[in-house]
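Have a look at the structure below before the remarks.
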Amino acid sequence: MRAVTKMCFSSIIVTTALVVVPATTAQRAVPAPYGLDEFSASLKLRASYQHCLDASGGATPGMQDCIDAEFAYQDKRLNAVYKRLMSTASASERVVLRNEERGWIVAKEKRCAVPESPGQGDIIDSASCVVTETAKRATELESRKIK
């Protein structure tokens, strides 16, 4: 079982609308790069993620492969910024950041939990949630000033 499938649950309709289906040009206040909708672009989800999902044709194994690849990228991004912040923080700031990160992990796992008797959609939804939450957290940490 893939590690990502164990982590997250949100609405598949919302996830599909936010990640799989880009907004029309009329819906965008500011043009987003790479043809991503504004939300996806703001989280720094890669255009290749959207292209991969589109190419999967909605087949679960293909979608899961796309999600796994984007999660690996976003997780690496999150870990890099977290390490940079930790390396420049004071001892007390490191404790605060570490506790904040632990709290975020617990909240993400709760928000993105797979239901007890999941269907394929629930598993995809959960994995998509993990990608989105990880990208959100990386973006949030990247916006912090590094000393």
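The values are calculated or read from the model by the stated rules, or taken from the named source; none is laboratory data. Keep in mind the model is a prediction, meaning the values are calculated, not measured. Cβ: placed from backbone, ideal geometry, glycine included. Neighbour counts: every protein chain shown. Keep in mind that these areas ignore ligands, DNA and RNA; they rest on the heavy atoms of the full protein, side chains included. Shrake-Rupley method; radii C 1.70, N 1.55, O 1.52, S 1.80 Å.
Which members of region 86-105 meet the condition of being of a type in the set (Gly, Ala, Ser) and either farther than 17 Å from Leu141 by Cα or without any contact (Cβ under 8 Å) to a residue 24 or more places away in the chain (or both)?
Those that are of a type in the set (Gly, Ala, Ser) and either farther than 17 Å from Leu141 by Cα or without any contact (Cβ under 8 Å) to a residue 24 or more places away in the chain (or both): Ser87, Ser90, Ala91, Ser92, Gly103.
Lys108 is checked against (1) over 19 Å from Glu38 (Cα atoms); (2) free of Cβ contacts under 8 Å to residues at least 60 places away in the same chain; (3) in contact with an Asp or Glu (Cβ under 9 Å, 6 or more places away or on another chain); (4) among the basic types (Lys, Arg) and fails just one. What number does that condition carry?
It fails just one condition, (2).
Tell me which residues, restricted to region 35-67, are open to solvent by 60 Å² or more (accessible area, probe 1.4 Å) and within 16 Å of Thr134 (Cα to Cα).
Selection gives Phe39, Ser42, Lys44, Arg46.
For region 121-130, state whether one or more residues are without any contact (Cβ under 8 Å) to a residue 24 or more places away in the chain and surrounded by fewer than 17 Cβ atoms within 10 Å (Cβ to Cβ). Quick ask: steps written out before the conclusion?
Step one: list which residues in region 121-130 are without any contact (Cβ under 8 Å) to a residue 24 or more places away in the chain, which gives none.
Taking every residue of region 121-130 in turn, none turns out to be without any contact (Cβ under 8 Å) to a residue 24 or more places away in the chain and surrounded by fewer than 17 Cβ atoms within 10 Å (Cβ to Cβ).
Suppose the filter is surrounded by 12 or more Cβ atoms within 10 Å (Cβ to Cβ) and among the basic types (Lys, Arg); does Arg102 pass it?
In short, no.
Of all the helices (runs of 4 or more DSSP H) wholly in region 60-147, which have at least 1 residues that are among the hydrophobic types (A, V, I, L, M, F, W, C), under 16 Å from Gln50 (Cα atoms) and within 15 Å of the chain's Cα centre (by Cα)?
60-88, 120-142
Yes or no: Arg2 basic (Lys, Arg) and either at pLDDT 90 or above or closer than 12 Å to Ser128 by Cα (or both)?
no
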